[in-house]
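The values are calculated or read from the model by the stated rules, or taken from the named source; none is laboratory data. In this text, all values refer to a predicted model and were calculated from it rather than measured experimentally. Glycine gets a Cβ as well: all are built from the backbone with ideal geometry, and neighbour counts include every protein chain shown. The area values use the complete protein model at the heavy-atom level, side chains included, leaving out ligands, DNA and RNA. Shrake-Rupley method; radii C 1.70, N 1.55, O 1.52, S 1.80 Å.
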Amino acid sequence: MKKKTQEKEGNSRNTDEETTDTKENMEKMAADSIENATSEKNQQDPESKGNQAEATSDKVMSEVRAIEEKLAEMQDKYLRLSAEFDNYRKRTLKEKMDLTKYAEEDVLSKIIPFMDDFDRAMQHIDTADGDAMKNGLNLIYAKFSDFLSQNGIKEIDALNTDFNVDLHDAVAKVPVEDESKKGKVVDVVLKGYYLKDRVLRHAKVVVGE
């Protein structure tokens, strides 16, 4: 009886030991599994980080290339605009020079016919009688006066008007007996003219005092 009891106790201890060993083995296996999983994760993380860094680098390089392309496009547009402006500047400068050079062309071309009239008058001056010469000169004078008027040139009224420094140049002063003529223009030495609303040439006058 006692022997059976001892055997039973021994079996019980063996079972407890086996249970303890099994438990320890399971805990060890669980620890090993966790360690292996952690190790695999640690091994995968650098690769994942590397892929992420590579993706970020590719994105940055793509943005850099896009910026460089945009910059090159802007530089090309700038060069084109600069060249176009330079051509425009040269063209307008030439047009301005031509305008200045030939500004009188229209007016002078209209004056030439009066020279033709004078040429004809000079050809017949020796054979023409006085009346014919007078009529010819009057005709030329009338045509030329009409030409000046058409181009905005008008004579400045001066004789018997008050002396005006904006319109007249006094070349001399003469004493006058008539009080009403003092300070007035009593003689016109050289006519003055307006060009539209601006004085083209002052009249040279003699003023009474």
Tally time: how many residues in segment 87-145 are of a type in the set (F, W, Y) and more than 27 Å from E155 (Cα to Cα)? 1
Taking D16 and the conditions (1) open to solvent by 100 Å² or more (accessible area, probe 1.4 Å); (2) of a type in the set (D, E); (3) modelled with pLDDT under 70, which numbered condition does it fall short on, given that it satisfies the others? (1)
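Among the residues in segment 152-162, are any at pLDDT below 90, closer than 30 Å to V205 by Cβ and either loosely packed, with under 10 Cβ neighbours inside 10 Å or in contact with a strand residue (DSSP E or B) (Cβ under 8 Å, 6 or more places away or on another chain) (or both)?
We begin by selecting, within segment 152-162, every residue at pLDDT below 90; these are 152-153.
With closer than 30 Å to V205 by Cβ added as a condition, the list becomes 152-153.
From what is left, the residues that are either loosely packed, with under 10 Cβ neighbours inside 10 Å or in contact with a strand residue (DSSP E or B) (Cβ under 8 Å, 6 or more places away or on another chain) (or both) are 152-153.
Yes: segment 152-162 contains one or more residues that are at pLDDT below 90, closer than 30 Å to V205 by Cβ and either loosely packed, with under 10 Cβ neighbours inside 10 Å or in contact with a strand residue (DSSP E or B) (Cβ under 8 Å, 6 or more places away or on another chain) (or both).
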Filter result (in contact with a Phe, Trp or Tyr (Cβ under 7 Å, 6 or more places away or on another chain) and β-branched (V, I, T)) within segment 133-168: I140, I153, I156
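Residues checked against (1) under 12 Å from E155 (Cβ atoms); (2) touching a residue at least 12 places away in the same chain (Cβ under 8 Å); (3) open to solvent by less than 40 Å² (accessible area, probe 1.4 Å):
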| residue | (1), (2), (3) |
| --- | --- |
| A170 | no, yes, no |
| E179 | no, no, no |
| G183 | no, yes, yes |
| V186 | no, yes, no |
| K191 | yes, yes, no |
| A203 | yes, yes, yes |
| V206 | no, yes, yes |
| E209 | no, yes, no |
Among residues belonging to segment 88-111 that are at pLDDT 80 or above and among the hydroxyl-bearing types (S, T, Y), point out the one that is most open to solvent (accessible area, probe 1.4 Å). Y88
Any chance segment 123-130 includes a residue that's part of a strand (DSSP E or B) and within 30 Å of I112 (Cα to Cα)? no
Subset of segment 112-140 (residues that are closer than 27 Å to L195 by Cα and surrounded by 12 or more Cβ atoms within 10 Å (Cβ to Cβ)): P113, F114, D117, F118, L137, L139, I140
Quick one: is M115 under 51 Å from the mean Cα position of the chain (by Cα) and either at pLDDT below 85 or over 30 Å from E105 (Cα atoms) (or both)? yes
